[in-house]
Amino acid sequence: MSYIALATDSFNDVAFFYGELLGFPVVAEWDRPNGRGRRYDLGGLTLEILDNSRERQRLDLYNPGERTHIVVEVDDLEALRRRLQLVTPNPQNVSWGARLFQLRDPDGIPVTFLEWMPLS
């Protein structure tokens with residue numbers, strides 16, 4: 001897999017969420033009359049945000065529902081929570097050996113931060 005691309009009608013809000021609030025580094029960006037976008041490094045996965053309002057042929061964007069979510073694996077969930085520029089829900093332990101919490105981006109896409117727990 002090369003990267004995931006998300007088209008949005010709320011480019012500034014979505015870009016602020018991933019870049020400023022979550023702190024993912026920008027690896028590429030462009031801003032021209034017929035297209036605007038930004039790519040972020042999510043720790044090995046590249047996420048591309050596209051400004052739907054600048055596309056020559058705008059996409060019909062539908063509610064993403066629960067069929068798609070972004071999962072970011074981290075080594076230390078508590079350190080990540082301290083570093084983020086927003087309030088996060090308390091992490092929960094799940095039966096399959098991980099600890100996680102989930103946020104939603106401005107378009108409603110779930111973003112799950114997950115730390116694998118040692119097997120006992």
Calculated over the chain: convex hull of Cα atoms, volume per residue (Å³)
119
Residues whose modelled amide H sits under 5 Å from the amide H of Ala98, counting only those 5 or more places away in sequence or on another chain, are Met117
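Each reported figure results from applying straightforward, stated rules to the coordinates on display, with no laboratory input. Keep in mind that this is a model prediction, so the values were computed, not measured.
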